[in-house]
Amino acid sequence: MAATDDHPGSTRGRPVNTKLTPAIMEAVLALLAENGYAALTTAAVAKRAGVSTATLYRRWPSKRDLLLAAAAQIAETENADIDTGTTEGDLVELLAHKRRVLSGAVGATLVALVGEAAHDPELAAIVRHSVLEPTRDHLAAVLKRAEERDERRAGDASSAAHLIIGAILARAAFMGSDDATEILRDEDVSLLVQAITGAPSHGLPHAVPGR
């Protein structure tokens, strides 16, 4: 039987059990990755998460509410604090972090969110705040240190952030792979580092998880 915090006679309007939130968000991400936004339904999310639809509706009464929550879930992964001592090292580590956290279902969810954001200004603002702005802020810190070290840098943080997120979205949309290396391949990382620093990359020792 599906786990639920509901039972006969429960009080209408009782807050959802917050312990169920991870399972519900995992279900949203998985279903978006498998079937896309158009096929996402609250009933499917409830079934996948093992909760009742009543439980789901208490906190997320619509599919759009679930989508907004998924955007916030992605934002929680954008907390990299990287300082390796060199600009190239910082960029390689930042891109490796992106490759780890945006692989699989999260990357597919990001594609779905960006597609819907074109028609929803509120969602667009949330995606921008959740993904683009943290990337820009991390890059701004990397490039500021590069300036202080008098190292080469060819791009500004905003342009570099758009370049990186664009590369991630293209891989996630067209490759459709759960393999983390497909989100940003080594060749992608090398080209991105070169574009941002204005100098050829000297190798990617940290780019591949587990290597």
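The values are calculated or read from the model by the stated rules, or taken from the named source; none is laboratory data. Please read all numbers here as calculations on a predicted model, not as lab measurements. Every residue, glycine among them, receives a Cβ derived from its backbone with ideal geometry; neighbour counts consider all protein chains shown.
Descriptive notes on the structure:
- Filter result for Ala43 (assigned to a helix (DSSP H, G or I), modelled with pLDDT of 90 or more, loosely packed, with under 15 Cβ neighbours inside 10 Å and not β-branched (Val, Ile, Thr)): yes
- Check on Gly85, assigned by TED's automatic domain parsing to the domain that holds Asp150, modelled with pLDDT of 75 or more and at positive phi: yes
- If you go through region 68-122 and keep only what is surrounded by fewer than 21 Cβ atoms within 10 Å (Cβ to Cβ), over 17 Å from Ala39 (Cα atoms) and among the charged types (D, E, K, R), you end up with Glu76, Glu78, Asp81, Asp83, Glu93, Arg100, Asp120, Glu122.
- Within region 189-211, the only residue that satisfies the criterion of being within 18 Å of the chain's Cα centre (by Cα) and at pLDDT 85 or above is Val189.
- Condition check for Ala80 on (1) in a helix (DSSP H, G or I); (2) at pLDDT below 85; (3) under 30 Å from Arg153 (Cα atoms): one failure, at (1).
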